[in-house]
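A short worksheet on the structure shown next.
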Amino acid sequence: MARKTGILVLASVLLASIASICDSAAIFNPISDAHRSAASELFSLSDGSFGSLEETYEALRTFVVLGIEKEPVIRTSVCASVAETLSSPSSALKDLFQALRVNGILKCEINDKAFAEIAFRLKDSVNAANLLLDFYHSIGGLMLIKDQTSEVDVHLGDADRIFRSIKALSQSDGRWRYSSNNPESSTYAAGIALETVAGLISLASSEIDHSLVATIKNDIMKLFDGVERYDDGACYFDEKFVDAHGHQDPLSASSSVVRGITAFATATEESLNLPGDKIMGLAKFFLGVEIPGSAKDLYHQIDALACLGNSRVSVPLILSLPATVLSVSRKDQLKVRVNTVLGSSAPPLSVKLMQIFSSGSKDASVIDQELKFDPDHAVHVLETLPKNIDVGKYIFSFEISLQDPEHKKRYITGGRTKVPIYITGLIEVNNAEIAVLDSDIGSIEMQKKLDLSGENDVALLANHLQKLRLSFQLTTPSGKAFKPHQAFLKLRHESGVEHIFVVGDSGKKFEIILDFLGLVEKFFYLSGKYDIQLTVGDFVMENSFLRSLGHVELDLPDAPEKAARPPPQLVDSYSRYGPKAEIIHIFRSPEKRPPRELSLAFLGFVLLPFIGFFAGLLYLRVNLKNLPRSTVPATFAFLFHLGIASVLLLYALFWFKLDLFTTLKALGILGIFLMFVGHRTLSHLASVSAKLKSA
């Protein structure tokens, strides 16, 4: 129990320290194999499909981005569903749109005639549309047909009128409405609207008025003015609108906006001049989600990161560390990786360690040291830590510099990146000793040296007029005094009562003095043996320990009448509910049996009557020729002799196995049987004898 308590205290200290240092710095890692494993689990097949066409597209899109091969497994069944949806005249716009999206990935065998019929229907829907989602599904469907075949005309005339119809749904803050009848605006709808406008620009048969396109750019800037921000630099778009489409959380709303601005930038081929820190903040937000717990959230995360990783807006570069815990005792090297959000290799660049902040202090050490690039492992390495770095928690500030000026137009680095680093090491424990002091003058009555790196078993004697002193020194690998997060001394009485004391730090050493005269009430006047245990731990201390030092035999005065009694001790659940002691049965000792020779002689005497019986039959010259020959009398005669044999067998069983009660009961049944068949046999013999006499 004591060891478990020490481990829990160490764990709590570590978690508290991590929480405090992560308030100002955080680690964001690009997409990894963990996301691929999660995608394979979350997007699981059911009856050979992923569900609806929308769910199928989300699964396929996620697999394509992550490089997971799943198409051959589902191609046949999904293509059949796509063909059925596209050929049905009653299919809704949303279903046609989702079917075309799936077909864009699987490349099902859809002929140009089917595409032409669908395009004609979608054009009619665009001209008659009033709702944002109708515009989105119709124009999006035409864009998908344009990407899948060049034989069908999907261009839209009077694009300016359609553009103004869509723009009428926008709001002054950059958000959009789903319909003109609903005054509520939505961030998620803004992303849908931007995708729709981007598709309209690509499908327009003539160039759209540049002033209309400029208004959309202005809407995007207003939308980014309302972006939310976390303390670690992550940015996201919040969604407060709830309607029949349901509530969209920040992940789906932010993903929708990213898809929209990416599509718009691609369609216009113009720079949007969006703030680089906010684009980087969005990337950090999606990566900060780590691995979502639902398939829908994973799709939103991966799709948004794919847009950011291949965007004409700007591509964020993510700085990550393979290890954030470094040991000065093992001389670990600091390694840094720089990748895109999808984990792809970054362009040629350099990484500098600019500053090092000590946790809890605003002062920083200026380093300005460039890390060495290792092309074999694609990492930037700081071979040796700065000399002023000792064990503890720090915040390292890095700066990424692109080498090619053209790359600065495409990639963003996000300025300086702060990363929490934990420096650990082996702490030396010196001058450890425990002593019993005289209470009056403080002279040493008994003193023992301790080896806190090994086993100890000291035995001390003390009374209530004496004191117990424990002292030791802790030094870091660089020779500086070390102050751990915890240093506890525990005394445990043989009755189970425990007392825990904090070991104080005097600057040069750790020391605690227990004055037993002032502790008699706390000790409940319990004399006897007290086990001594010392716990010293810190999350940067590689050799944290929980040591048993030995025991002290305390002689305390008798308790007064009104003195507090020790609290009842908790019953050990194992002793209460654990397995009980094995029950050992005591059997009766076997009775003494007669010698074997005597038993065999008795058996011979028992068999003598049978021998005499057969001898008597021979002496009387029994004639078996008188047995009945007709069927029924012969049967009764046979049963009679069989009954006699059964009685003899019963006697034998009684001798070897059966008890008297069972034997008598069986004998009674056999007797009734013998009386019946014997009477019938004798009646037959009597009738035969009478006939012979009369003859």
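The values are calculated or read from the model by the stated rules, or taken from the named source; none is laboratory data. Here the structure is a predicted model, which is why all the values come from computation and not from measurement. Because the Cβ atoms are built from the backbone with ideal geometry, glycine has one as well, and the counts that use them run over all protein chains shown. Surface accessibility is based on the protein's heavy atoms, side chains included, excluding ligands, DNA and RNA. Shrake-Rupley method; radii C 1.70, N 1.55, O 1.52, S 1.80 Å.
Among the candidates Ala2, Ala19, Ala11, which residue alone is open to solvent by 50 Å² or more (accessible area, probe 1.4 Å), modelled with pLDDT under 70 and of a type outside the set (S, T, N, Q)?
Ala19
Residues that are out of contact with any His (no Cβ under 6 Å at 6 or more places or on another chain), free of Cβ contacts under 8 Å to residues at least 40 places away in the same chain and farther than 29 Å from Thr340 by Cβ: does region 53-72 have at least one?
no
Among the numbered criteria (1) touching an Asp or Glu at 6+ places or on another chain (Cβ under 7 Å); (2) surrounded by fewer than 19 Cβ atoms within 10 Å (Cβ to Cβ); (3) of a type in the set (Ser, Thr, Tyr), which one does Thr424 miss?
Single failed check for Thr424: (2).
Identify, please: which residue in region 471-504 is among the small types (Gly, Ala, Ser), farther than 19 Å from Ser329 by Cβ and part of a strand (DSSP E or B) and is, among those, most open to solvent (accessible area, probe 1.4 Å)?
Gly504
Quick check on this structure: which one of Arg621, Arg629, Arg596 is at positive phi and out of contact with any helix residue (DSSP H, G or I) (no Cβ under 7 Å at 6 or more places or on another chain)?
The unique qualifying residue is Arg621.
Run down Asp153, Asp238 and say which single residue is open to solvent by 20 Å² or more (accessible area, probe 1.4 Å) and touching an Asp or Glu at 6+ places or on another chain (Cβ under 8 Å).
Testing whether each residue is open to solvent by 20 Å² or more (accessible area, probe 1.4 Å) and touching an Asp or Glu at 6+ places or on another chain (Cβ under 8 Å) leaves just Asp238.
Pairs under 9 Å by beta carbon, first residue over 20 Å from Leu682 (Cα atoms) in region 640-666, partner part of a loop (DSSP other than H, G, I, E, B), six or more apart or different chains?
Every condition considered, the pairs that remain are Leu650/Leu658; Ala666/Leu658.
Please identify the pairs in which a residue from region 489-514 that is more than 16 Å from Ile532 (Cβ to Cβ) and basic (Lys, Arg) has its Cβ atom under 6 Å from the Cβ atom of a residue that is at pLDDT 95 or above and open to solvent by 20 Å² or more (accessible area, probe 1.4 Å), counting only partners at least 6 apart or on another chain.
The qualifying pairs are Lys509/Gln473.
I need the full set of residues from region 91-104 which are crowded, with 17+ Cβ neighbours inside 10 Å and either modelled with pLDDT of 95 or more or not in a loop (DSSP other than H, G, I, E, B) (or both), in order please.
Correct list: Leu93, Asp95, Leu96, Phe97, Gln98, Ala99, Leu100, Arg101, Val102, Asn103, Gly104.
Could you please find all residues in region 505-540 being open to solvent by less than 30 Å² (accessible area, probe 1.4 Å) and either closer than 17 Å to Leu452 by Cα or hydroxyl-bearing (Ser, Thr, Tyr) (or both)?
Within region 505-540, Phe510, Ile512, Tyr530, Ile532, Leu534, Thr535, Val536, Gly537, Asp538 qualify.
Among what's in region 431-464 and is in a strand (DSSP E or B) and of a type in the set (D, E, K, R), pick the residue that is farthest from Leu526 (Cα to Cα).
By that ranking, first place goes to Lys449.
Which ones in region 551-592 are over 28 Å from Ala459 (Cα atoms) and of a type in the set (Val, Ile, Thr)?
Of everything in region 551-592, those that are over 28 Å from Ala459 (Cα atoms) and of a type in the set (Val, Ile, Thr) turn out to be Val571, Ile583, Ile584, Ile586.
Under 7 Å between Cβ atoms, which residue pairs at least 6 apart in sequence (or on different chains) link something in region 207-224 that is farther than 18 Å from Glu269 by Cβ with a partner that is open to solvent by less than 10 Å² (accessible area, probe 1.4 Å) and assigned to a helix (DSSP H, G or I)?
Filtered contacts from region 207-224: Leu223/Ala190; Leu223/Val257.
Considering only region 191-225, how many residues are surrounded by 13 or more Cβ atoms within 10 Å (Cβ to Cβ) and within 30 Å of Ile27 (Cα to Cα)?
6
So, of the residues in region 667-687 that are of a type in the set (Val, Ile, Thr) and free of Cβ contacts under 8 Å to residues at least 24 places away in the same chain, which turns out to be nearest to Phe636 (Cα to Cα)?
Filtering first and then ranking leaves Ile672.
Give the residue that is farthest from Ser40 (Cα to Cα), with candidates limited to residues of region 53-86 that are among the polar types (S, T, N, Q) and open to solvent by less than 50 Å² (accessible area, probe 1.4 Å).
The residue in question is Thr85.
Of the conditions (1) part of a helix (DSSP H, G or I); (2) closer than 30 Å to Leu319 by Cβ; (3) more than 25 Å from the chain's Cα centre (by Cα); (4) modelled with pLDDT under 90, Thr76 fails just one. Which one is it?
All conditions are met except number (2).
If you take the residues in region 399-424 that are of a type in the set (S, T, N, Q) and in contact (Cβ under 8 Å) with a residue 60 or more places away in the chain, which one is nearest to Leu334 (Cα to Cα)?
Only one residue tops the list, namely Thr424.
Taking only pairs six or more apart or across chains, which ones have beta-carbon atoms under 6 Å, a first residue in region 135-158 that is among the charged types (D, E, K, R), and a second residue that is in a helix (DSSP H, G or I)?
These pairs meet every condition: Glu151/Asp112.
Report yes if some residue within region 37-47 is without any contact (Cβ under 8 Å) to a residue 40 or more places away in the chain, assigned to a helix (DSSP H, G or I) and either touching a Leu at 6+ places or on another chain (Cβ under 8 Å) or open to solvent by less than 70 Å² (accessible area, probe 1.4 Å) (or both); otherwise report no.
The answer is yes; a qualifying residue exists.
Considering every residue within region 281-299, establish whether at least one is touching a residue at least 24 places away in the same chain (Cβ under 8 Å), part of a loop (DSSP other than H, G, I, E, B), over 23 Å from Val65 (Cβ atoms) and open to solvent by 70 Å² or more (accessible area, probe 1.4 Å).
No: zero hits.
Can Glu521 be described as among the charged types (D, E, K, R), modelled with pLDDT of 95 or more and either in contact with a Lys or Arg (Cβ under 7 Å, 6 or more places away or on another chain) or over 21 Å from Met446 (Cα atoms) (or both)?
Considered against the rule, which asks whether it is among the charged types (D, E, K, R), modelled with pLDDT of 95 or more and either in contact with a Lys or Arg (Cβ under 7 Å, 6 or more places away or on another chain) or over 21 Å from Met446 (Cα atoms) (or both), Glu521 comes out as no.
For residues that are part of a strand (DSSP E or B) and free of Cβ contacts under 8 Å to residues at least 60 places away in the same chain, scanning just region 304-348, find the one that is surrounded by the most Cβ atoms within 10 Å (Cβ to Cβ).
Filtering region 304-348 for residues that are part of a strand (DSSP E or B) and free of Cβ contacts under 8 Å to residues at least 60 places away in the same chain, the one surrounded by the most Cβ atoms within 10 Å (Cβ to Cβ) comes out as Arg337.
Kindly list the number of the only condition in (1) over 32 Å from the mean Cα position of the chain (by Cα); (2) closer than 13 Å to Val336 by Cβ that fails for Thr384.
Of (1) over 32 Å from the mean Cα position of the chain (by Cα); (2) closer than 13 Å to Val336 by Cβ, only one is false for Thr384: (2).
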